[in-house]
Amino acid sequence: MSNHIFTGSGVAIVTPMKSDGSVNYDEFGKILEFHVQNGTDAIIACGTTGESATLSEKEHCEVLSFVAEKINGRIPVVAGTGSNDTSTAVMLSKSAQKTGADALLCVTPYYNKTSQAGLIKHYNVIADAVDLPIILYNVPSRTGCNIKPKTYQELCKHPNIVAAKEASGNISQVALIRSLCGDNLDIYSGNDDQTVPFMSLGALGVISVFANICPAEMHKICQLCLDNNFAEAQKLNFHYLELMNELFSDVNPIPIKTAMNLFGFDAGECRLPLVPMSVAGYHDLKDCLAKYDLLGKAPK
């Protein structure tokens, strides 16, 4: 790896499940290989899209170990290890380091939330416990907790805190973070549809849901931005915008797992409390995939 964890398109990968609810490792291996062969620049496992909230600690560690082994250094593996309990986040982070992960993705504490001072303490304790680079994960719509720009400025003083996945949807906040932190903190868009504007402000790429079924396309959008060809990147972004939005027509990862099944992978269903899409929602998603000629296109 370079000094950056990755540049370009990192897929927030789903965790495929069997009909009995267990992890489908056979299918997982096929999905991982699909990404390596189609331009994905990094694998982000056990994040929101990977259903980390409903994986047991044992499963969490097993999934990360499996992903690291299958990828085998070909592209970076980023392990989701965040928790609203600091000690659990430390445990998961240490375990991920042992499995061979290249970096960590740590979401802000949720439900119990915390103050900005609490965020600084929480993240510094995690960063002190490992020897891996950390991506802070800010998604206030899910956690009820927003990392403020000046908090980012304080956090990036730690040598292991090197990047942020910004899913606040607030481009003004991203601009201020870039202004305060400069090259001391890499930024990745946490929303597919905002990748191009974020990268125009200096973000290095995206942690993407859309890339689960369109890895080459998301990689191309990012590469065009990295090449400063924002006009062409935006054209491609606009072309896929309807699909990007459709993948969030229900709670993530319900639509993307449904889309992957329609695409031809056996991603299975989400674990409770997430339930399948409505009949109308399913048909809207299927029609959208058909419009982009994505039905049944997964490699056999």
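Things worth noting here:
- Using the Cβ of MET244 as centre and a radius below 15 Å, the other residues enclosed give a net charge of -4, where K and R count +1 and D and E count -1.
- Span per principal axis, largest first, for the Cα atoms of the chain (Å): 47, 45, 35
- Scanning residues 5 or more positions from ILE135 or on other chains, those with amide H under 5 Å from its amide H are LEU104, LEU105, CYS106, with H placed 1.01 Å from N in the peptide plane.
- Environment charge at LEU274 (Cβ cut-off 10 Å; Lys +1, Arg +1, Asp -1, Glu -1): -1
- Cross-link partners of LYS257 among lysines (Cα-Cα below 27 Å; sequence separation of 8 or more within a chain): LYS18, LYS30, LYS58, LYS70, LYS165, LYS220, LYS235, LYS286, LYS291, LYS297, LYS300
- Ascending count of other beta-carbon atoms within 10 Å, so fewest first, for TYR123, TYR111: TYR111, TYR123
- Residues LYS157, LYS286 arranged by fewest to most Cβ contacts within 10 Å: LYS157, LYS286
- Residue exposure sequence - MET218, MET260 - by fewest surrounding Cβ within 10 Å: MET260, MET218
Taken together, the values in this text are just the output of simple stated rules run on the coordinates, not laboratory data. From a predicted model like this one, the values you see are computed outputs, not experimental measurements. Neighbour counts are summed over all protein chains in view; Cβ atoms, including those assigned to glycine, are modelled from backbone coordinates with ideal geometry.
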